[in-house]
Amino acid sequence: MNQVKKGINTICTHVGEVVDEQFKGAISPLYMSTSYAFEDVAIKRYPRYFNTPNQEALCLKIAALEHAEAALIFGSGMAAVSTAMMAFLRAGDHIVLQRTLYGGTYNLVTEEFEKYGISYSFTDGQRPEDFEAKVQENTKVIYVETPSNPLLTITDLKAVAAIAQKHRLVSMIDNTFASPVNQNPIDFGIDVVIHSATKYMGGHSDICAGAVASTKENMERIFHLAKNFGGSLSDYTVWLLERSIKTMGIRVRAQNANALQMAEYLYAHEDIQNVYYPGLKSHPDHELAKAQMKGFGGMLSFELQENLNASAFQKALQLIKSSMSLAGVESTVLSPSQTSHALLDADERERQGIKDGLIRFSVGIEEVEDLIEDIERALEKVRATIVTTTH
Ligand SMILES: *Cc1c(COP(=O)(O)O)cnc(C)c1O
């Protein structure tokens, strides 16, 4: 059976499950055992070998979701990112990374790589030629994030994959923001796909996990390091994640629809200056997003008009919580300059176009009318505090 040919919701619901032979239950039984009798000496089942029944089943589901030959799941998104990167880098090697990176990945590279003798370059922009411009003789990996955090810029996957192939590099993407529902980078020639499963795969703000998907050959290499690094995921969390992914298709599609409506509403609003959402026709990368994404995702950013106080606005929201993380069924906002990108200095933030008043919005599955009402009430409150000077 060709799993790739199945529709997204069928993969989410059915592919990669532990069959309950004993009781014929509808869902995967949970095997918490850390010790398994030898079936034969070649198969040693152990949680840190990433091969318990629940782990193996979920890896099949994630591989099918990403149109990959194989996948592995990890204890966090950063365990997935670090293991995938390190599997293809050694002392003396170089990696080219997109400048606008998830904060944790930026920290991993800038705080840790030097001591392993690995050098790195950040691109100046997100165009394919910006990546190629940084390729050196010792470059081994090109690392992409699209849509990017927090401004939702889009990188051309096909073009970057072609550059990687031309220079015989491994191309990697952090596909967290899109989720496998909206974007399958392997279809465009990208080699390794990484997810923080803490986000859309988990979707309920109650799971911390990561995933990597690629060819069998690449995954063998990543597995070898993963076993030594030891970042495996507890079987209980694996089981919860399997349950969460069953509804990922319908969750993410609902979030796509809500985010588009919210983006259009904000774009038309006189209190809002800028809205960053790849689904808007006004977004500079809209056509590219249409060409490589199936939906535009549940993440957007916006800036209030300059006379309105962004942090007072966030505090005035009631339904939409101001909090870390993203991609849950509940809507949340945060201020990148004060949270996710607070560790960058002001110059670097400016270079990336992240203004102090920028608000990142993770749109949930609530009714759009209720989200709009919450925003209207908060804006009213913030407008009331403006001190108008009369001459
Ligand atoms: C959250 C996140 C990560 C890191 O995942 P953790 O599960 O927190 O370790 C990596 N990349 C992106 C884009 C993220 O949003």
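The values are calculated or read from the model by the stated rules, or taken from the named source; none is laboratory data. This one's a predicted model, so the numbers in the text were calculated from it and none came from an experiment. Please note: Cβ atoms are built from the backbone with ideal geometry, for glycine as well, and neighbour counts cover all protein chains shown. Side chains are part of the model used for accessible areas, which takes the heavy atoms of the whole protein and leaves out ligands, DNA and RNA. Shrake-Rupley method; radii C 1.70, N 1.55, O 1.52, S 1.80 Å.
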Filter region 235-257 for residues that are open to solvent by 20 Å² or more (accessible area, probe 1.4 Å) and of a type in the set (G, A, S); the one that is farthest from S76 (Cα to Cα) is A257
Step by step: first the residues of region 145-198, then only those that are of a type in the set (D, E, K, R) and within 11 Å of the ligand (Cβ to nearest atom), then the one that is surrounded by the most Cβ atoms within 10 Å (Cβ to Cβ). Which residue is that? D174
Out of G103, G75, which single residue is under 20 Å from D235 (Cα atoms) and out of contact with any helix residue (DSSP H, G or I) (no Cβ under 6 Å at 6 or more places or on another chain)? G75
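State whether the residues of region 337-350 include one that is surrounded by fewer than 17 Cβ atoms within 10 Å (Cβ to Cβ), assigned to a loop (DSSP other than H, G, I, E, B) and within 14 Å of the ligand (Cβ to nearest atom).
The initial filter retains those residues of region 337-350 that are surrounded by fewer than 17 Cβ atoms within 10 Å (Cβ to Cβ), namely 338-339, 342-343, 345-348, 350.
Among the residues that remain, those that are also assigned to a loop (DSSP other than H, G, I, E, B) are: 338-339, 342-343, 345.
Subset that is within 14 Å of the ligand (Cβ to nearest atom): 339.
Yes, the conditions are met somewhere in region 337-350.
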Test for R253: is it under 20 Å from the mean Cα position of the chain (by Cα), within 24 Å of N54 (Cα to Cα) and more than 16 Å from the ligand (Cβ to nearest atom): no
Scanning region 164-202 residue by residue, the ones that are of a type in the set (G, A, S) and part of a strand (DSSP E or B) total 2
Pairs needed: first member in region 367-383, farther than 16 Å from A310 by Cβ; second member anywhere, open to solvent by 100 Å² or more (accessible area, probe 1.4 Å) and aliphatic (A, V, I, L, M); C-beta distance under 7 Å; at least 6 residues apart or different chains. none
Out of the residues in region 51-89 that are in a loop (DSSP other than H, G, I, E, B) and open to solvent by 10 Å² or more (accessible area, probe 1.4 Å), state the one that is modelled with the lowest pLDDT. N51
So, in region 336-360, exactly how many residues are modelled with pLDDT of 85 or more and within 13 Å of L101 (Cα to Cα)? 2
Hey, can you tell me all the residues within region 135-154 that are over 14 Å from G279 (Cα atoms) and in contact with a strand residue (DSSP E or B) (Cβ under 7 Å, 6 or more places away or on another chain)? V135, Q136, N138, T139, K140, V141, I142, Y143, V144, E145, P150
The condition of being open to solvent by 30 Å² or more (accessible area, probe 1.4 Å) and either within 16 Å of the ligand (Cβ to nearest atom) or hydroxyl-bearing (S, T, Y) (or both) holds, among S232, S214, only for S232
Could you tell me whether any residue of region 8-23 is touching a Gly at 6+ places or on another chain (Cβ under 7 Å) and within 22 Å of Y236 (Cβ to Cβ)? yes
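Listed residues G92, G104, G25, G117; which is within 14 Å of the ligand (Cβ to nearest atom) and either open to solvent by less than 50 Å² (accessible area, probe 1.4 Å) or not assigned by TED's automatic domain parsing to the domain that holds A226 (or both)? Don't jump to the end; show me each part of the working.
Working: G92 fails: within 14 Å of the ligand (Cβ to nearest atom); G25 fails: within 14 Å of the ligand (Cβ to nearest atom); G117 fails: within 14 Å of the ligand (Cβ to nearest atom).
After ruling out the rest, the residue left standing is G104.
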Determine the pairs where a residue that is farther than 17 Å from I173 by Cβ, located within region 77-92, has a partner that is assigned to a helix (DSSP H, G or I) and more than 16 Å from the ligand (Cβ to nearest atom) with Cβ atoms under 7 Å apart, the partner being 6 or more residues away or on another chain. A91/Y116
Look at region 28-39 and say how many of its residues are open to solvent by 90 Å² or more (accessible area, probe 1.4 Å) and within 35 Å of the chain's Cα centre (by Cα). 2
